[in-house]
1. Against the condition open to solvent by less than 20 Å² (accessible area, probe 1.4 Å), among the hydrophobic types (A, V, I, L, M, F, W, C) and more than 13 Å from the chain's Cα centre (by Cα), how does ILE116 come out, does it pass?
2. Looking at (1) assigned to a loop (DSSP other than H, G, I, E, B); (2) in contact with a helix residue (DSSP H, G or I) (Cβ under 6 Å, 6 or more places away or on another chain); (3) over 25 Å from PRO54 (Cβ atoms); (4) among the hydrophobic types (A, V, I, L, M, F, W, C), can you tell me which one LEU133 breaks?
3. Considering every residue within the stretch 83-95, establish whether at least one is within 16 Å of the chain's Cα centre (by Cα), within 25 Å of THR160 (Cα to Cα), hydroxyl-bearing (Ser, Thr, Tyr) and not in a loop (DSSP other than H, G, I, E, B).
4. Residue by residue through the stretch 66-113, note down the ones that are open to solvent by 40 Å² or more (accessible area, probe 1.4 Å), within 15 Å of PHE185 (Cα to Cα) and in contact with an Asp or Glu (Cβ under 6 Å, 6 or more places away or on another chain).
5. Is it the case that the stretch 39-49 has a residue that's touching a residue at least 40 places away in the same chain (Cβ under 8 Å) and open to solvent by 20 Å² or more (accessible area, probe 1.4 Å)?
6. Only residues that are in contact (Cβ under 8 Å) with a residue 12 or more places away in the chain and over 16 Å from ASP134 (Cβ atoms): list them for the stretch 160-174, please.
Amino acid sequence: MSDITIRKVSVNDAKELLDIYSYYVKNTAITFEYEVPSIEEFSCRIRDITKRYPYLAAEMKGRMIGFAYAHEFIARKAYDWSAEVTIYVDHREKKQGIGRFLYSELEKYLRAMGVIDLYACIGVPNGEADEYLDFNSFDFHKHMGYELRGTFPKSGYKFTRWYDMVWLGKTIGEHLDIQPDITVFDNIQEVADHGTDK
């Protein structure tokens, strides 16, 4: 992975990120989104996420090849120590370890922030895989240490087919009786970059 660089995303990256994501909207049920968001909407999503959480991009030879980010799990204070994670890799660059590299960096930052539990919401086939959705994302998360936490049968409808939605979870920290507040990503980035616990 020496030729791949992981860096923090900025709003200026929105077009390149959207180019990666749009393939999945138009051609797969990996995302249940029907319409490709506008560049303005996608930029707003980046701004909202980066107010608190890490949003990372993978680059190879100056070209964006994937991204991963964390965001709010549920909008209640008691859920502060949980985060939902999302990842997309350029469909032409799969099976090269990019996803593992991105998630490993993302987890490093989230751990430094004080986040304890990570959750991934994933679409899976209701039965056999088809041309729009398979079990690759599910299997990837299992290999990354995530465990099945819940299944919602036929909860997503796209391309005139019903798909299941599953929640996978992974614990990366310790649950304490007195739990310190999490730290905003921008406040820990320098510390995490140097591999030092805050």
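The values are calculated or read from the model by the stated rules, or taken from the named source; none is laboratory data. Just so it is clear, the structure is predicted and the values come from calculations on it, not from any experiment. Glycine gets a Cβ as well: all are built from the backbone with ideal geometry, and neighbour counts include every protein chain shown. Calculation scope for accessible area: heavy atoms of the full protein, side chains included, ligands and nucleic acids excluded. Shrake-Rupley method; radii C 1.70, N 1.55, O 1.52, S 1.80 Å.
1. Yes: the conditions hold for ILE116.
2. (2)
3. yes
4. HIS71
5. Within the stretch 39-49, not a single residue is touching a residue at least 40 places away in the same chain (Cβ under 8 Å) and open to solvent by 20 Å² or more (accessible area, probe 1.4 Å).
6. Across the stretch 160-174, the qualifying residues are TRP167, GLY169, LYS170, THR171, ILE172, GLY173, GLU174.
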